[in-house]
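First up is the structure itself, then whatever we jot down about it.
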Amino acid sequence: MTKCAYEARAVSESALMELFDSLNSASTPEEFLGSADAILANKTNHLPLPISLGMPDILSVVGNRAVDVDNAPIVHEYLGEMDRANASDARLWTYLAFVTYRDYMEKRWPLEVSATDSNSWKRRVKDRWLLHSGSVSRGKLVRHGIARLWWVAHLTYASDDKTGIAKNDSYAYTKEVFKSEDRVFAIFDREVGAFSVVAQAVLKHAALLGSNATDKYIQRIMQYLTLLNGYRDIGALDSHALNEILDIACLRAKNQSRK
């Protein structure tokens, strides 16, 4: 496939199923990608989006996770805001991974055969390249190679931040979370992480702590907030009440780290 970006589209549901069938039957990454290219070369397998988005900017493929600090805002600005139903559409993210941002995907999430695990590349396809319409979850979205960029940017974008770290950069919280891959999962692979106010409050705290805000520390904060959200709707709290709860969560996390 030509190494250039293509305008965003979606794949048809039948094409999506063909891709899964091809993955199951393929013996090598090359065989699978060849089959995928043949499926996606068929224009009848494409679904245009409601509006044309034009050609996207190329995503950086120098390095690995560090460049996603820049890539997430690029994907978010290109696709724009979407409601959660459309932003969870497996057909959209699959097309973006296999076609629109193919060059990025091949270098950021390459499909390689392991000497010790012959099926590791297939698991990577399912984690980073493909999404199944019947099983799209938040966890899968924050693992998918392209969906994760949009979702993290969407939940951390703060254009009206007056006092936080994003007052001079609407994507400051986005950049804060992409400092660590583990931080992405600690925050967004949980129900409570879907609340922008919660994610931004935690990231503001992390930015103030700097290097003291370890991945384990952030994980403990999110564990407590997840537990609390089981009987109290944290996402509906005002900023004062949320900050009080966050203070308790931070204190508990600090105490745990001393044990």
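Would you mind ranking SER88, SER159, SER137 so that the residue whose beta carbon has the fewest other beta carbons within 10 Å leads the list?
Listed from fewest to most nearby Cβ atoms, that is SER159, SER137, SER88.
Give me the log10 of I(q) over I(0) for the chain at q = 0.15 Å⁻¹, as the Debye formula computes it from C-alpha points; what are the numbers?
Per q value, in the given order, log10 I(q)/I(0) is -1.08.
How many angstrom separate the Cα center of segment 231-253 from the Cα center of segment 29-68?
40 Å
Using only Cα atoms and rounding to the nearest 10 degrees, what angle (0 to 90) does helix 147-156 make with the longest principal axis of the chain?
Between the helix axis and the principal axis of the chain, the angle is about 30 degrees.
Starting from the eigenvalues of the Cα gyration tensor, five times each then square-rooted, give me the equivalent ellipsoid semi-axes of segment 110-170, largest first, whole Å.
The answer is 34, 14, 7 Å, longest axis first.
Rank by packing, highest mean first: peptides 241-248, 47-54, 144-151, 125-132, with packing defined as the count of other Cβ atoms within 10 Å averaged across residues.
144-151, 125-132, 241-248, 47-54
Specify the angular offset, from 0 to 90 degrees and rounded to the nearest 10, of the alpha carbon long axis of helix 239-258 from the longest principal axis of the alpha carbons in the chain.
90 degrees
Under 21 Å Cα to Cα from LYS254, which lysines show up? Leave out anything in the same chain fewer than 8 places away.
Within reach: LYS179, LYS204, LYS216.
Work out how much length LEU49 to ASN243 would gain on full extension: take 0.36 nm times their residue separation and subtract the Cα-Cα distance, in nm to one decimal.
65.9 nm
Once the Cα gyration tensor of segment 176-259 is found, what semi-axes does its equivalent ellipsoid get, as square roots of 5 times the eigenvalues, in whole Å, sorted largest first?
Here the semi-axes work out to 18, 14, 12 Å.
Of the trypsin sites (Lys or Arg not before Pro) in segment 1-98, which ones lie in a loop per DSSP and count no more than 14 other C-beta atoms within 10 Å?
The qualifying sites are LYS3, ARG84.
Mean projection of the alpha-carbon convex hull of segment 78-229 over all orientations, in nm²?
Reported value for the Cα convex hull: 10.5 nm².
Only the coordinates and a few stated rules stand behind these numbers; no lab work does. Keep in mind the model is a prediction, meaning the values are calculated, not measured. In this analysis, Cβ positions are derived from the backbone assuming ideal geometry, glycine residues included, and neighbour counts consider all displayed protein chains.
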